[in-house]
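A.B. asks: Below is one structure. I have some questions about it.
Where a number appears in this text, it was derived from the coordinates with a stated rule and is not lab data. Being a predicted model, the structure only gives us computed values, none of them experimental. Ideal geometry is used to build each Cβ from the backbone, glycine not excepted, and the neighbour counts take in all protein chains shown.
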Amino acid sequence: MRKLNKKFIIDIKNEFDNIYCYVKSVTETLDAKTSIQFCDFVIDMLLKNMESSMQLDFIQHERNISEIYLSKKKEEINYRTFPYIPQTVKIDSENIHIETDRFVEVDLSKCYLLCNTRKTESLIKMMKILSKEDFLFEGNNHRAMYIEYINTCAFLDEGVHSLSVAHYLKKGIIIAKLVDISKIFPYVSTDGLNWYINDDNYNEIAVDDFRLSLIYEIAKLKYSIAKRQCVEPQLK
C-alpha cells in the first residue's frame, strides 16, 4: 500500500506562545537563581537546534544554487549570515546600539556559532587544513560580534567556513565586537511573527527565524527576573 506523505505546517505564533508561556509559568514557581538557570537551559536547547540547522545551510544552498543563478545575477544574491534582530533603536532622538565599543576574546570551543555556511568545497578545504594546523585568527577575515548574554558568536562578515570548522574541531580563539542585547529590552518585543520596535518611530519587522525571537524573549525574561530580585545575571 502506498503511503501518503503528510506535510506538517507549524503554527509559529502558537508554537512561540506555548513555549514562552510554559517557560514563564515554570519560572514563577521557582526562586530567582533557579529561574535564571532554567531560562539558560531552554536558551541552550534552542541555540543548539538553531546552530546545527544554520550550519547545515550549505546543503540547501548547493542544491538550489543553479536555480538561483538562473533567476538572479550574482551580485543580487543576498547571503545573510544571521537572522535579523533589531540592532539600533532611537529614543528621544538618541540612537541606542546593541553593539558596544568593547572587543572580547571568544573561545570557539565554548560558545555557540550562528552562521550560514554556503560552500561544501570551502568547508572540506578548511577541514583538511585545520585538522593538521592550529586555527589562526585573522582580524580582517574573521570579523564577528559576540552576544554575551546568550554566549553566541554571530553577525559574521567573513570567514564563516573557517570559523565553522574551527568551532566543530573545538579549537581557536577570536577577537569579536561585544554586543549587549539588554540595551534594547525596554523598547523591542516580539511574538515570533514580528519584531515590534517601540522607539521614536514605531516599526514592525517580520521575524526571519522564530527561534531567535524566542531566545530573545526568554533572555529578556531572565534579565527581568535577575533585575527584580537583584540577582546578577550570569553571562555564561
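A.B. asks: In the neighborhood of E28, defined by Cβ-to-Cβ distances under 15 Å, what is the net charge if each Lys or Arg adds +1 and each Asp or Glu adds -1?
C.D. replies: +3
A.B. asks: By how many nm would the segment from S189 to I96 lengthen if fully extended, with 0.36 nm per residue of separation less the alpha-carbon distance?
C.D. replies: Roughly 31.9 nm would be gained on extension.
A.B. asks: If you don't mind, there's one more thing I want to ask. Can you sort D134, D199 from fewest to most other Cβ atoms within 10 Å of each residue's own Cβ?
C.D. replies: D134, D199
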